[in-house]
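For reference, the structure is listed below as structure tokens.
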Amino acid sequence: MSSGALRLIVEDQPGLRRLALIEVSSGALVDLAVEMAGAPRRPQAGDLYRGRVARLDRALEAAFVDIGGGHQAFLPLSQAPKSVSEGDILDLEVRRAGGKGKGPKVSAKLSDMAHGRLPAGEGGEVGLIAAAADPLDELLAVKPREIVVDGLELCRALEGRQRDGRIDRATVITCHTGDTLLWDTEGLDEALALHLSGTLDLPSGGRLIVEPGETLTAIDIDRAGARDGPKATNIEAAAVLAHECRLRNLSGRIVVDFLEMSKTADRKTLERALKTAFANDPEPVRIFPTTASGLVELTRRRRRAPLHEVLMYPVGELGRAWRSRPQAVAFDALHALRRGRADYAGGRPVIAVSGPVAAALTDGGASAARTVLEARLGLEVEILEDDTLETFELRRA
């Protein structure tokens with residue numbers, strides 16, 4: 001965690017909340033989070049679920065538990081009641097998030113904090129009982145010196161928290177007003193695009209190539225036009241890697257292909273650099289020894305969904321390419337329309353999009369935000385389906 005004063009930027013609108021934590025002195029981005037309606041949600045560490053034991057496997061000394069939403073959790077019998085049987089209903093805490101094709105690991109031995117989050121009464125449907133702390137609460141916990149909010153209802157709610165003593169009285173809370181998107185004034189659209197991209201340039205001329213996959217995230221350190229040797233480039237990349245893992249919220253198994261170093265001492269130096277770089281990460285990170293060929297495996301606890309999973313979905317035979325979700329394109333179109341509102345004076349704005357994006361704008365995750373924007377503009381926005389478009393076009397009727 002940054003040791004300097006921090007500024008929290010929150011843009012809140014129906015169906016979309018975007019958050020950025022920025023170091024005041026340097027302007028450096030410390031953390032990013034996006035919540036979007038319609039984005040798939042997987043169980044996260046700290047979530048509480050009510051589940052039904054579907055099958056006992058004595059050979060594995062585990063139970064498989066239906067926790068709803070098409071998810072099946074792995075419950076070690078050491079973490080279950082001694083008399084557990086198939087069909088039993090259990091309250092469970094997620095200890096380790098699962099990956100694609102792999103369910104979360106859960107425990108029926110709830111932590112004290114989990115007990116405090118259980119709703120009153122017993123029974124109820126299988127499914128999520130209480131989510132782990134949401135991104136806003138997590139970023140408020142670092143006690144930012146300033147909070148700027150684009151969204152009057154949330155801003156007033158945070159002011160109420162401050163009056164109740166749940167936010168430090170010294171924290172300055174500002175409600176952003178006006179037609180300009182707060183995210184735009186802070187230059188965060190460009191930052192978000194950068195941290196979703198598959199390639200990130202290093203200051204020395206090398207680059208990181210990030211490839212999220214089904215079972216792990218692969219990261220390649222490419223020397224490209226690096227001016228320095230392998231050791232210096234690797235150490236520089238280690239610091240950038242730690243920063244990217246936090247901003248992108250990469251988690252689970254991460255394999256990094258560093259530039260090859262033949263000397264054991266150089267590999268040890270790299271391991272120390274990695275440990276230093278990840279020392280302030282809010283999530284536990286385990287780093288394994290560097291191989292002679294430069295491969296390093298690390299694991300990072302999953303508490304929030306990675307940015308690419310929230311805003312994008314895999315395409316192609318192996319799922320190695322990523323495309324913006326229809327909801328994300330819908331919000332991008334609404335933001336573009338808000339920026340260019342002056343172009344539609346005396347006319348009616350038209351958003352031309354593919355069918356799935358049109359659905360998101362008319363009765364899906366972005367429909368409420370569209371209604372709010374129409375009220376702001378004083379105009380009805382026409383949605384025109386055009387399946388030749390991958391993104392959107394703004395037109396005037």
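Taken together, the values in this text are just the output of simple stated rules run on the coordinates, not laboratory data. Source: prediction; values computed, not measured. We place every Cβ from the backbone using ideal geometry, glycine too, and count neighbours over all the protein chains shown.
Numbers below:
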| item | result |
| --- | --- |
| Distance in nm between pseudo-label sites at A397 and E380 (7 Å out along the Cβ direction from Cα) | 0.6 |
| Segment E283-L389, length gained on full extension (0.36 nm per residue, minus Cα span) | 34.2 nm |
| 15 Å beta-carbon shell around D387, net charge (K/R +1, D/E -1) | -3 |
| For the range 325-396, Kirkwood radius (reciprocal of mean inverse C-alpha pair distance, Å) | 11.7 |
| Shape call, the range 201-308: gyration tensor on alpha carbons, a/c limit 1.5 | prolate |
| Net charge contributed by nearby residues that have their C-beta within less than 11 Å of L154 (K/R +1, D/E -1) | -2 |
| Where no second cysteine Cβ lies under 4.7 Å, the cysteines concerned in the chain | C245 |
| Helix-only CD estimate at 222 nm, as mean residue ellipticity for the chain, using -39500 (n - 2.57) per DSSP H run (n ≥ 4) | -7500 deg cm²/dmol |
| Spacing of the two label points (7 Å from each Cα toward its C-beta) at R145 and T362, in nm | 5.0 |
| Taking the convex hull of Cα positions in the range 275-397, its mean projected area over all directions (nm²) | 11.7 |
| Relative contact order of the range 196-300, defined on C-alpha pairs under 8 angstrom at six or more residues apart (%) | 24 |
| Gain upon complete extension [E159, D343; 0.36 nm per residue less C-alpha separation] | 62.7 nm |
| Over the chain: Kirkwood hydrodynamic radius from C-alpha pairwise inverse distances, Å | 23.5 |
| Restricting the range 48-104 to trypsin sites (Lys or Arg not before Pro) in coil, as DSSP defines it, with at most 15 other Cβ within 10 Å | R58, K82, K100 |
| Neighbourhood charge, 13 Å Cβ-Cβ cut-off, centred on A108 and excluding it, Lys, Arg +1 and Asp, Glu -1 | +3 |
| Segment K82-A5, extension gain: residue separation times 0.36 nm, minus the distance between their alpha carbons | 22.8 nm |
| Spatially near lysine pairs across the chain, Cα under 17 Å, sequence gap of 8 or more or different chains | 4 |
